[in-house]
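Down below is the structure, laid out as structure tokens.
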Amino acid sequence: MFLSPAILIIKFAALGDFALALGAMQAIRRHHPHQKLILLTTKPFAELARQSGWFDDIWEIKRPRQWNLWAWWRLARKIHREKFARIYDLQRSRGTARIFSLLPTPKPEWNGIAEGCSHPHRDELQHVIHTIDRHRSQLADAGITDVTQSDLSWVTAATARFTLPQSYGLLVPGASPRRPEKRWPALNYAAIANHMVTRGITPVILGGPEEEETAQTILNHAPSAISLVGKTSFADIVSLSRRARFALGNDTGPMHLISPTGCRTLTLFGGDSDPTLTEPRGPQAETLSVSQLDRLPVADIEDRIKSW
């Protein structure tokens, strides 16, 4: 039996942003142990959220486009009908602020950046601190002070089907298609893959279906590598990282699933991204930031990971 009314968390986001918000979601669950907790998210993240066990219901939606006022209004009406006690806006966007503005009065308690909300995020440094620290600061304004990064120990997956060797390392060569400057060249990853093979470590390439071409480039020059591109779920990535020797990748979502597990990780940042805001965090997570990724020598990476 739940105390009424329910609590809502809003988090659409991209994979990295969603992963970085998991600790905040877990803290919200702890803060409201006896109230129904609902997550409003998009389809790609629903299964991972279900596996956490934190949510009593998950609303999967197709995120409305910014200009589609009618879609935002319908979403606001859906939220209004539930009569939530409090809403935690971890998405913190113009769209979710619009939801708040479209809710009729009296409005539910709202923690976020929407103008006029009951529990606004007041930290003047919120735009220059890491995402996890920003969520910690935001939730403190709503009385939640125990936000820590989730270690993803609750994530399980049957990865034996991949029949990987005992010693392998993960390569994550993708990034947003709209941000090519975030990619270290595929041929450089191929060189690292060949270097791994000389050490008895099998290179395993991870990524979504859109990375097929990148993976094929690596395989053409490093035929001993194994590509799991397009074959893994988010839970698979977490599970695979627990046994991996290390992971090397660009500033992209899967690195945020790998680093909290304790896997040794090195994430590469170009000059257009700031690791102080979005770096993957974990017990053995490291970053390397340079002004131009395409000029980062392979030898520098080989030297960095030679003892891993």
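Bear in mind that the values in this text are calculations on the coordinates, not laboratory data. Owing to the predicted nature of the structure, the values given are computational and were not obtained by experimental measurement. Quick reminder, even Gly has a Cβ in these numbers, built from the backbone with ideal geometry, and neighbours come from all protein chains shown.
Inter-part distance, the stretch 1-80 to the stretch 241-301, computed on C-alpha centroids, equals 28 Å. Summing charges over neighbours of residue 191, with a neighbour being any other residue whose Cβ is under 14 Å away from its Cβ, gives -1 when K and R count +1 and D and E count -1. Each peptide in 187-193, 257-263 gets a packing score, the mean of other Cβ atoms within 10 Å over its residues, and the list from highest to lowest is 257-263, 187-193.
Modelled spin labels at residue 66 and residue 161, positioned 7 Å past Cα toward Cβ, are 3.9 nm from each other. Candidates 16, 49, 224 compared by Cα position along the dipole of the chain: farthest toward the positive end lies 49, with charges placed on Cβ. Counting lysine pairs in the chain that sit 8 or more residues apart in sequence, or on different chains, and whose Cα atoms lie under 12 Å apart gives 4. For residue 226, the amide hydrogen comes within under 5 Å of the amide hydrogens of 204, 205, counting only partners 5 or more places away or on other chains and with H modelled in the peptide plane. Using only Cα atoms, find the angle between the long axis of helix 186-198 and the longest principal axis of the chain, and express it within 0 to 90 degrees, rounded to the nearest 10. Between helix and principal axis, roughly 60 degrees. Derived value for the chain: Kirkwood hydrodynamic radius 20.5 Å. Basis is the mean of 1/r over every pair of different alpha-carbon atoms. Would you work out the relative contact order for the stretch 161-220, in percent, from Cα pairs under 8 angstrom that are 6 or more residues apart? About 45 percent, as a whole number. Cβ crowding within 10 Å ranks 233, 4 as 4, 233, fewest other Cβ atoms first.
Working note: Karplus 6.51/-1.76/1.60 with θ = phi - 60° gives the stretch 10-23 the couplings 10, 8, 8, 6, 8, 4, x, 5, 5, 4, 5, 8, 4, x Hz, where Gly and Pro are set to x. Close amide H pairs (under 5 Å, H built 1.01 Å from N) link residue 247 with 170, 264, 265, 266, residues at least 5 positions away or on another chain. Here the Debye sum runs over all C-alpha atoms of the stretch 15-97 as equal scatterers in vacuum, and log10 of I(q)/I(0) at q = 0.14 Å⁻¹ comes out as -0.50. The slack between residue 272 and residue 220, meaning 0.36 nm per residue of separation minus the straight C-alpha distance, is 15.8 nm. Taking 0.36 nm per residue of separation and subtracting the Cα-Cα distance, full extension of the segment from residue 30 to residue 77 would add 14.2 nm. Between the residues 282, 72, 152, the greatest Cα displacement towards the positive end of the dipole of the chain, with unit charges on the Cβ of Lys, Arg, Asp and Glu, is found for 72. Relative to the current alpha-carbon distance between residue 118 and residue 291, full extension at 0.36 nm per residue lengthens the span by 58.1 nm. Neighbours of residue 200, meaning other residues whose beta-carbon lies under 14 angstrom from its beta-carbon, give a summed charge of +3 when Lys and Arg score +1 and Asp and Glu score -1. Across the stretch 72-82, computed HN-Hα scalar couplings (Karplus, 6.51 cos²θ - 1.76 cosθ + 1.60, θ = phi - 60°) run 5, 5, 5, 5, 4, 5, 4, 5, 4, 5, 6 Hz from first to last residue, x flagging Gly and Pro. Between beta-carbons, use under 12 Å as the cut-off and find the net charge around residue 227, counting Lys and Arg +1, Asp and Glu -1. Charge balance near residue 227 sits at -2. Here each label is just a point 7 Å from Cα along the line to Cβ, and for residue 57 and residue 153 those points are 3.2 nm apart. Residues whose amide H lies under 5 Å from that of residue 59, counting only those 5 or more places away or on a different chain, are 39, 40, 41; hydrogens are built 1.01 Å from N in the peptide plane. Evaluating 6.51 cos²θ - 1.76 cosθ + 1.60 at θ = phi - 60° for every residue in the stretch 64-69, the Karplus couplings come out as x, 6, 3, 7, 7, 4 Hz, glycine and proline recorded as x. Around the Cα centre of the chain, unit charges on the Cβ atoms of Lys, Arg, Asp and Glu (plus for the first two, minus for the last two) sum to a dipole of about 940 debye. Loop only by DSSP, 12 or fewer other Cβ within 10 Å of the Cβ. Give me the chymotrypsin sites (Phe, Trp or Tyr not before Pro) in the stretch 1-51 that pass, ordered by residue number. Qualifying residues, ordered by number: 2.
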